[in-house]
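A short write-up of the structure that comes next.
The values are calculated or read from the model by the stated rules, or taken from the named source; none is laboratory data. Being a predicted model, the structure only gives us computed values, none of them experimental. Note: ideal-geometry Cβ built from the backbone for every residue, glycine included; neighbour counts use all protein chains shown.
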Amino acid sequence: MTRHNQVGLWAVASRAAVVIALAVLSACSTTPTKTSSVLPIDLVKYYDISGSTLAELRRELDAKGPKDGGRGVDAYTRWYFRWEWPGYGKLECDLSAAVVHAEVEVTFPRWQEDPSAPLELRERWQRYIDALAQHENGHVELAVRHRETVLQAIQSSTCENADESARRAVQSLNAANAAYDRKTQHGRKDGAKFP
């Protein structure tokens, strides 16, 4: 039997599945850059926006962006944990064989760039999108580190309370993500603000 838990609004993935790389963010802009923080492609669900002015792009972000508790945001990272072990739900089980599965999805804007858009706007968008990707990567990194905490909580528990121990470990991830957003002002301190 597998226990599926979806908690909070950030995502987690195994270290092998998440590679936080430096590369050109060409999918988000045609403006050349030296390097950009890029979210792993398999984790990203893009929503397309269009426009040729700051105001048009902001309106598109507001209209099409994801929601966080009803509040519009430009990007959103959602995570899911599942855990399982032999003998799940029974008094006799093997917690040493527990496995914690994780899935992540980052909703992220992609500008369908207007050829008439001024260079200054394209450059500003690129700086913003780089900072936004870096911020979302911070949430993914936190979740990756906490995945091991969930596994350790299960394995150091008893068959009767392993689920509850895992849930408490997940709550620590919620707290870490909230602290990260407070510290960075949801990425604004690091440039994730448009315009």
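Test each condition in (1) within 17 Å of the chain's Cα centre (by Cα); (2) modelled with pLDDT under 95; (3) of a type in the set (S, T, N, Q) for Thr184 and report the one that comes out false.
Failing condition for Thr184: (2).
Could you grab me the full set of residues in region 153-166 that are out of contact with any helix residue (DSSP H, G or I) (no Cβ under 6 Å at 6 or more places or on another chain) and over 14 Å from Arg82 (Cα atoms)?
Our first condition is that a residue be out of contact with any helix residue (DSSP H, G or I) (no Cβ under 6 Å at 6 or more places or on another chain); within region 153-166, this holds for 156, 158-161, 163-164.
Those that are out of contact with any helix residue (DSSP H, G or I) (no Cβ under 6 Å at 6 or more places or on another chain) and over 14 Å from Arg82 (Cα atoms): Ser156, Thr158, Cys159, Glu160, Asn161.
Tell me yes or no: at least one residue of region 111-121 is touching a Phe, Trp or Tyr at 6+ places or on another chain (Cβ under 9 Å), touching a residue at least 12 places away in the same chain (Cβ under 8 Å), of a type in the set (A, V, I, L, M) and over 30 Å from Val170 (Cα atoms). Break it down into steps so the answer makes sense when it comes.
Here is the first cut: in region 111-121, the residues touching a Phe, Trp or Tyr at 6+ places or on another chain (Cβ under 9 Å) are 111, 113, 117.
Cutting the leftovers down to touching a residue at least 12 places away in the same chain (Cβ under 8 Å) gives us 111, 113, 117.
Narrowing further to those that are of a type in the set (A, V, I, L, M): 117.
Next, from what is left, pick out any that are over 30 Å from Val170 (Cα atoms): 117.
Yes.
Considering only residues that are of a type in the set (D, E, K, R) and within 18 Å of Glu92 (Cα to Cα), look in region 120-169 and name the one that is surrounded by the fewest Cβ atoms within 10 Å (Cβ to Cβ).
Residues of region 120-169 of a type in the set (D, E, K, R): 120, 122-124, 127, 130, 136, 141, 145, 147-148, 160, 163-164, 167-168.
Next, from what is left, pick out any that are within 18 Å of Glu92 (Cα to Cα): 160, 163-164.
Working: Glu160: 10, Asp163: 16, Glu164: 12.
Applying the filter and picking the extreme gives Glu160.
Inside region 90-108, can you point out the residues that are surrounded by 14 or more Cβ atoms within 10 Å (Cβ to Cβ) and either touching a strand residue (DSSP E or B) at 6+ places or on another chain (Cβ under 9 Å) or within 30 Å of Tyr47 (Cα to Cα) (or both)? Steps first, answer last, please.
Applying the first criterion (surrounded by 14 or more Cβ atoms within 10 Å (Cβ to Cβ)) to region 90-108 yields 93, 95, 98, 100-108.
Result: Ala98, Val100, His101, Ala102, Glu103, Val104, Glu105, Val106, Thr107, Phe108.
Any idea which of Lys193, Lys189 is over 15 Å from the mean Cα position of the chain (by Cα) and either assigned to a loop (DSSP other than H, G, I, E, B) or small (Gly, Ala, Ser) (or both)? Can you show your working first?
Working: Lys189 fails: either assigned to a loop (DSSP other than H, G, I, E, B) or small (Gly, Ala, Ser) (or both).
Only one candidate passes the filter, namely Lys193.
Pro86 - would you say it is of a type outside the set (Phe, Trp, Tyr), under 25 Å from Gly65 (Cβ atoms) and either touching a Pro at 6+ places or on another chain (Cβ under 9 Å) or not in a helix (DSSP H, G or I) (or both)?
Values: of a type outside the set (Phe, Trp, Tyr): yes; under 25 Å from Gly65 (Cβ atoms): no; either touching a Pro at 6+ places or on another chain (Cβ under 9 Å) or not in a helix (DSSP H, G or I) (or both): yes.
For Pro86, the condition - of a type outside the set (Phe, Trp, Tyr), under 25 Å from Gly65 (Cβ atoms) and either touching a Pro at 6+ places or on another chain (Cβ under 9 Å) or not in a helix (DSSP H, G or I) (or both) - is not met.
Of the residues that make up region 69-78, is at least one at pLDDT 85 or above and under 30 Å from Thr158 (Cα atoms)?
yes
Yes or no, residue by residue, for (1) at pLDDT 95 or above; (2) of a type in the set (Phe, Trp, Tyr):
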site: Thr53; (1), (2): yes, no
site: Tyr88; (1), (2): no, yes
site: Val100; (1), (2): no, no
site: Arg124; (1), (2): yes, no
site: Arg127; (1), (2): yes, no
site: Gln152; (1), (2): yes, no
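Need pairs with beta-carbon distance below 9 Å; first residue closer than 30 Å to Arg58 by Cα and within region 166-195, second aromatic (Phe, Trp, Tyr) and in a helix (DSSP H, G or I); sequence gap 6+ or separate chains.
Partner pairs satisfying both residue conditions: Gly191/Tyr128; Ala192/Tyr128; Lys193/Tyr128; Phe194/Trp125; Phe194/Tyr128; Pro195/Tyr128.
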